[in-house]
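Since the structure comes first, as structure tokens, the remarks are kept for the end.
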Amino acid sequence: MNALRQIRWVALIVSWVVDIGGSNLFSIVYFGTLVAMGRLTLAQLGSPDFTKIVLNDPAMFGTSLAGGTFFSVLAGYVAARMAGRAPLLHGTLSSAACLGIDVISLPTLLTYPLWLFALGVLVSPLAGYSGGWLASLGQRNLASAAALTPRQEG
């Protein structure tokens, strides 16, 4: 129960916007660029087999996974920094919106290979935790610097 009192909901909501919004913006820019370069067609982009198209192209899959993971790490960092406390908790909880969308999208996700579904469920909280961990490093460095700085009295 004590952990629930530490949660800063505004920080989590902002992190969810960063994660989902950033990942969606990345996808629009990335796949739009691939269409502009001729690597994808609009028909492929709108195809029900689009996931298979991406999975069959390791570079495309890796780049899209890296882009989404980047925004999950960033969201964890944002949540932890905004909260100012319990950085690992806030970083990990920053993935809750993505996991919630996975639950809502379960009928569609179950049509994908199981390993892909499992990868998404595992990577999201780990990425958020990593962002919280990075924020905790920054908070420790600031605390160390503040302890070493002599106080001036005026």
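Quick one: Kirkwood hydrodynamic radius for segment 2-145, alpha-carbon pairs, angstrom, one decimal? The answer is 16.1 Å.
Full extension of the segment from ASN2 to LEU42, taken as 0.36 nm per residue of separation minus the current Cα-Cα distance, would add 9.3 nm. If you line up the long axis of helix 58-83 against the longest principal axis of the chain, both from Cα atoms, how many degrees apart are they, to the nearest 10? With both axes taken from Cα atoms, the answer is about 30 degrees.
Pop the C-beta distance of TRP9 and PHE70 into the FRET formula with R0 = 25 Å and round what comes out to the nearest 0.05. For TRP9 and PHE70, the calculated efficiency is 0.55. Full extension of the chain segment joining VAL35 with LEU55 gains 5.5 nm, where the gain is 0.36 nm per residue of separation less the Cα-Cα distance. Ordering of 41-53, 24-36, 81-93 by packing is 81-93, 24-36, 41-53, highest average first (other Cβ atoms within 10 Å, averaged per residue). Only the Cβ atoms of Lys and Arg (+1) and of Asp and Glu (-1) were treated as charged; on that basis the dipole of segment 1-143 about its Cα centre amounts to roughly 500 debye.
Placing a label point 7 Å from the Cα of TYR112 along the Cα-to-Cβ direction, the residues of segment 63-80 whose backbone N falls under 17 Å of that point are 63-73.
Where a number appears in this text, it was derived from the coordinates with a stated rule and is not lab data. The shown structure was predicted, so the numbers you read here are calculated from the model rather than taken from an experiment. Quick reminder, even Gly has a Cβ in these numbers, built from the backbone with ideal geometry, and neighbours come from all protein chains shown.
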